[in-house]
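See structure below.
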Amino acid sequence: MLSRARALCRVAAVATRASAPVGAHAHVFSPGRHHSLRCFSATASSSLSWGALAADLSSPPGSEDPAAAAASVAKADLRVDEWHHPSGVATFWLLRHADTDPAGAASFDPGADLGSGANADVLASIVQQDSILYGMKTRRPLPPSVAARLVRAAAETAAEAPEDKKLTALVALPRLCAWARAGERWNDAEVLSKSNGEACEAAEAIALGRPREGHSVLGRGTFAAAEPAWVALAEAHMEEDADVLGELMAYKSVLPGAFRAAHMADGDPEYLAVAGGAMAVLTPP
């Protein structure tokens, strides 16, 4: 799983950071592959239109309060569309209102925020590469729970997949280093009980972004030495960071298994600086 996580983090960089043309090569599946969802047990007359939902999400309280925004979304009929990245490396699952034009998903921009520009009518998105889901995003201020519908759509599509192709998920920890620095968490009793002095010293160096005493660089040796302490820190952070926890729960509401911290799952220098390379990986039961 760890090697797959590392490979897919490279895919994530291509699929979500690259500025690629999306017009000519992008497409959505035929109407038969759209997933219509009724998210509120109401009559058609009481269901929010796209115009009404967009208005709710563009002004207070829906533009500021996650609970209010989610309540408005729950009153609307939604649809899940699939969009293929032009590079061919990934499929994006998009949550949109049922009133929107399915063909409009072709203009989706994977590098832009949801709720504006080409993504004005996209409420949530998830990336799928092979059998792994990652990169969950929602239109602000919608909570991650809204994206669980995308996880469910992907799971239904993959229901007949062989055992070694069952869906799993990756969740980034982009605030891990800042969280560890803020409370000097490498000194926590829980971390110390799961590691040793050298590991905690190395974890401190990673969190601070500077070499250990007696070392000239923050290199592979430091990351290797830090593993038990850094994994313990990542697992604590996964429980304390509300955004990360919300994303984990959105996946777990659909997919079986437990999330574990994977050490050095992403060696990208930018990600190392903010998370020390750790990611949460869903381990099947």
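Data overview
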{"read-out": "Environment charge at A120 (Cβ cut-off 15 Å; Lys +1, Arg +1, Asp -1, Glu -1)", "value": "-3"}
{"read-out": "Percent carbon-and-sulfur accessible area, region 84-223, ignoring ligands, DNA and RNA, probe 1.4 Å", "value": "48 percent"}
{"read-out": "Formal net charge of residues neighbouring S193 (Cβ-Cβ distance under 14 Å; K, R +1; D, E -1)", "value": "-1"}
{"read-out": "Anisotropy class of region 230-285 from Cα gyration tensor, a/c 1.5 cut", "value": "prolate"}
{"read-out": "Protection proxy ranking, peptides 246-254, 205-213, average beta carbon neighbours within 10 Å, highest first", "value": "246-254, 205-213"}
{"read-out": "Global geometry of region 168-285, whether rounded, prolate or oblate, following the gyration tensor of its Cα atoms and the 1.5 cut on a/c", "value": "prolate"}
{"read-out": "Fully extended contour minus Cα-Cα distance, from D268 to M249, at 0.36 nm per residue", "value": "4.2 nm"}
{"read-out": "Positive minus negative residues near A232 (Lys, Arg vs Asp, Glu; Cβ under 12 Å)", "value": "-2"}
{"read-out": "Extension gain, R175 back to D65 (0.36 nm per residue minus Cα-Cα distance, nm)", "value": "37.4 nm"}
{"read-out": "Pairs from K166/K194; K137/K252; K165/K194 whose Cα-Cα separation, in the structure shown, is over 26 Å", "value": "K166/K194; K165/K194"}
{"read-out": "Protection proxy ranking, peptides 89-102, 186-199, 66-79, average beta carbon neighbours within 10 Å, highest first", "value": "89-102, 66-79, 186-199"}
{"read-out": "Anisotropy class of region 136-185 from Cα gyration tensor, a/c 1.5 cut", "value": "oblate"}
{"read-out": "Check: region 165-285 dipole with +1 on Lys, Arg Cβ and -1 on Asp, Glu Cβ, in debye", "value": "400 debye"}
{"read-out": "Calculated FRET value between E156 and S193, using beta carbons and R₀ = 45 Å, to 0.05", "value": "0.60"}
{"read-out": "Extension gain, E240 back to D109 (0.36 nm per residue minus Cα-Cα distance, nm)", "value": "44.0 nm"}
{"read-out": "Net dipole in debye of region 224-285 [+1 Lys, Arg Cβ; -1 Asp, Glu Cβ; about Cα centre; nearest 20]", "value": "280 debye"}
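The values are calculated or read from the model by the stated rules, or taken from the named source; none is laboratory data. Just so you know, these numbers come straight off a predicted model, no measurement behind them. Positions of Cβ are generated from backbone atoms using ideal geometry, with glycine treated the same way; all protein chains shown enter the neighbour counts. Areas reflect the complete protein model, heavy atoms only, side chains present, ligands, DNA and RNA absent. Shrake-Rupley method; radii C 1.70, N 1.55, O 1.52, S 1.80 Å.
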